[in-house]
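Inspection log for the structure reproduced underneath, given as structure tokens.
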Amino acid sequence: MSEQVLAIDIGGTKIAVALVNRDGGLIRQTVRPTPRTADGGEVFDSVAEAITSVLAHVTHPDRPLRVGVGSAGPVNGPAGTISPVNIGAWRNFEISARVVALVKEELGVAPHVALAGDGHCFALGEHWLGAGEDVDSMVGMVLSTGVGGGAVLDNKLFAGRTGNTVHLGHISVNAWGPKCVCGCHGCVEMYARGPALVAAARDQGWSGGDDAKALTDDARAGDPIASAVIDHGMRALAAGIATTATELDVRTFVLGGGVAKAGEVIFAPLRRHLRDFAVLDYVVDLEVRPAILDNAGLLGAAALAFSQE
Ligand SMILES: [Zn+2]
């Protein structure tokens, strides 16, 4: 029987847990909503139930199980702690230690647990089985209510000292810009994230629906305000991508997330603006590909598990 790993994907709206084999096949999977509660123990109870339900199907309970945890950030990989912005009940929550204790209790053998941020797991998943399958190095990016990312360099996750490399949403593309929630000025996220696009459109008199999907739908239908706002936001993202490419010397970028699902209405202005920023010889031909997986974060958590010694 080929080895299975335990993949755990923790987000602000849902928690997914699966046993995954070497081919990326999901042997067992359970997905549940993230509890809306201020009680951190209660949130973990939900994760624990999901883990327990899939552990019943482990076929090698006598060997240490390899576990990968992907979580909304910020995370501290080496410390095994997470403080997801969108899960207020958890601050410096010791997720790795809790998972180790739970799995040991269930199987009798302590597992090996690795932790990474959701942007990093997204990149690992798309690199393993998605749009970046054919390259050794790529950057994965998520464009949704925030802007996240992660880099796989020479087929390995480039995690960084604390596990926060390629924090694409919070690199500044405007040194004179307004102050961001993070404390910096003119961050990519202030211009490009879905809610920022919607707010900018509102300011300019757009009266469409209440989310980025409505905005991208209107842009596709030719609404001039929606189109102009997206164009403006994608220029900021293009500057962030080009900066990242110039720093890391990577030419393949994979873009996913709810806003990116709108397709060409996002990718066309993004690629056009990239030509203004990705100008040095070694990045001039960088490409931005649409993500192809629906569960890149979960599969990336599995890849993270398999990558442990
Ligand atoms: Zn910021």
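Across region 133-290, the convex hull enclosing all Cα atoms gives 111 Å³ per residue. Against the chain, whose longest principal axis comes from its Cα atoms, helix 95-107 is set at around 30 degrees. Relative to the dominant Cα principal axis of the chain, helix 118-129 is inclined by about 80°. When +1 charges are put on Lys and Arg Cβ atoms and -1 charges on Asp and Glu Cβ atoms, the dipole computed for the chain relative to its Cα centre reaches about 360 debye. For region 10-65 and region 170-241, what is the centre-to-centre distance using only Cα atoms, to the nearest Å? When both Cα centres are located, 35 Å separates them.
May I ask what percent, to the nearest 5, of DSSP beta bridges between residues of the chain are antiparallel? Can you show the working numbers first?
On the way: 27 of 46 bridges.
The answer is about 60 percent antiparallel.
The angle between the Cα long axis of helix 40-55 and the main principal axis of the chain comes to about 70°, on a 0 to 90 degree scale. Applying Stokes-Einstein at 25 °C and 0.890 mPa s to the Kirkwood radius of the chain, computed over alpha-carbon pairs, gives a translational diffusion coefficient of 124 µm² s⁻¹.
Normalised size of region 213-309, defined as Cα radius of gyration per 2.2 N^0.38 Å with N residues, equals 1.23. Based on Cα contacts under 8 Å between residues 6+ apart, the chain shows a relative contact order of 20 percent. With point charges of +1 on the Cβ of Lys and Arg and -1 on the Cβ of Asp and Glu, referenced to the Cα centre of region 157-309, which listed residue (CYS184, LEU280, PRO195) lies farthest in the positive direction of the dipole? Most positive-ward Cα: CYS184. For region 71-164, what does the alpha-carbon gyration tensor say about shape, rounded, prolate or oblate, given a ≥ b ≥ c as the root eigenvalues, a/c under 1.5 as rounded, and a/b over b/c as prolate? It is oblate, given that a/c is not under 1.5 and a/b is not larger than b/c. Relative to the Cα centre, the charge distribution of region 6-109, modelled as +1 at Lys and Arg Cβ and -1 at Asp and Glu Cβ, gives a dipole magnitude of about 240 debye.
Bear in mind these aren't lab numbers, they're just calculated from the coordinates by the rules spelled out. Just so we're clear, the structure is a prediction, and the values are computed from it rather than from any experiment. Every residue, glycine among them, receives a Cβ derived from its backbone with ideal geometry; neighbour counts consider all protein chains shown.
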